[in-house]
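The values are calculated or read from the model by the stated rules, or taken from the named source; none is laboratory data. Bear in mind that the values here come from a model prediction, so they are computed numbers and not experimental data. Every residue, glycine as well, gets a Cβ built from its backbone with ideal geometry; the counts of neighbours run over all protein chains shown.
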Amino acid sequence: MGLLTQLSRLLLGPAAEIEAQAAAQRAELLPLPTTMTLGGEELTIRRLERVDRESILAFARALAPHDLLFLRRDITQPDQVDAWLDDIEQGYTISIGAFDAGGLAGYSTVGRDHMTWTAHVAELRVLLAQRVRGKGLGRLLTEQAFAIAREIGIRKMMAQMTTDQLAAIAVFRRMGFEPEAVLRNQVLDRDGRLHDLQIMSLDVDAFRAKVYLARASVESHMLET
């Protein structure tokens, strides 16, 4: 039996999943600003700034209300966008936007609160305009948010979404996030309906330990064969 065949068989199951998640986490930060073509559309990827205030408002107001439920701020409101931009300027939040011919097409954010005892924790948020979904932009922006969090030394990463946002859950699972909690009836939409909130997390040190154990298991099996 050849080495590659042995590896392919040994890496089936949990070890293979862990390796795939580790590979997904290795995306490098893009040099910003940068221009690329994705799904046949030209995009400019860059940091969000104060000058993007009106673009953010237009982006948010074009979204379906359900898309906004997991956000900490109602970014359809000018004062809430101003508060977000204040956090960006003060260094509590790093946000990357993707712009196409229609304006802001999506963004990812790494946000920390102002408390020193949770400085090692950051929430990753990704939101896309309907017109660009299914083209790989969500994956790209998630990878960039993860790379930023890794670069600034975040040790625990969080993500929140309503439980029916299956595509978002799948993207974060691909990078090793696991369900941490479901908060029942946590979100109230504009029509008065309640929704469950899914909280996912990734502990960087614990994940590294899982990767080490998975690889050690593979090596052990190889030595035995």
Item to complete: Taking Ala181 as meeting all but one of (1) among the small types (Gly, Ala, Ser); (2) in contact (Cβ under 8 Å) with a residue 40 or more places away in the chain; (3) surrounded by fewer than 17 Cβ atoms within 10 Å (Cβ to Cβ), write down the number of the exception.
Response: (2)
Practice prompt. Looking only at segment 108-123, decide whether some residue is surrounded by 14 or more Cβ atoms within 10 Å (Cβ to Cβ), assigned to a helix (DSSP H, G or I) and either of a type in the set (S, T, N, Q) or modelled with pLDDT under 95 (or both).
Written response: no
Worksheet item: Can you name the residue in segment 73-107 that is in contact with an Asp or Glu (Cβ under 8 Å, 6 or more places away or on another chain) and not aliphatic (A, V, I, L, M) and is also surrounded by the most Cβ atoms within 10 Å (Cβ to Cβ) among such residues?
Response: Gly97
Item to complete: Quick one: in segment 1-36, of everything that is at pLDDT 95 or above and either within 23 Å of Gly134 (Cβ to Cβ) or in contact with a helix residue (DSSP H, G or I) (Cβ under 7 Å, 6 or more places away or on another chain) (or both), which residue is surrounded by the most Cβ atoms within 10 Å (Cβ to Cβ)?
Response: Met36
Practice prompt. State the number of residues belonging to segment 14-51 that are within 21 Å of the chain's Cα centre (by Cα) and either assigned to a helix (DSSP H, G or I) or of a type outside the set (A, V, I, L, M, F, W, C) (or both).
Written response: 21
Worksheet item: Somewhere in segment 62-72, is a residue outside any loop (DSSP other than H, G, I, E, B) and farther than 23 Å from Glu123 by Cβ?
Response: no
Fill in: Cross-chain or 6+ apart pairs with Cβ under 6 Å, segment 78-101 first and in a helix (DSSP H, G or I), then of a type in the set (Ser, Thr, Tyr) and buried (at least 18 other Cβ atoms within 10 Å of the Cβ)
Asp87/Thr93; Ile88/Ser95
Worksheet entry | Residues (crowded, with 19+ Cβ neighbours inside 10 Å and among the charged types (D, E, K, R)) located in segment 137-156 | Glu143
Discussion item. Quick check on my filter: what residues within segment 127-149 are outside any loop (DSSP other than H, G, I, E, B) and farther than 14 Å from Phe99 by Cα?
Written reply: Arg139, Thr142, Glu143, Gln144, Ala145, Phe146, Ala147, Ile148, Ala149
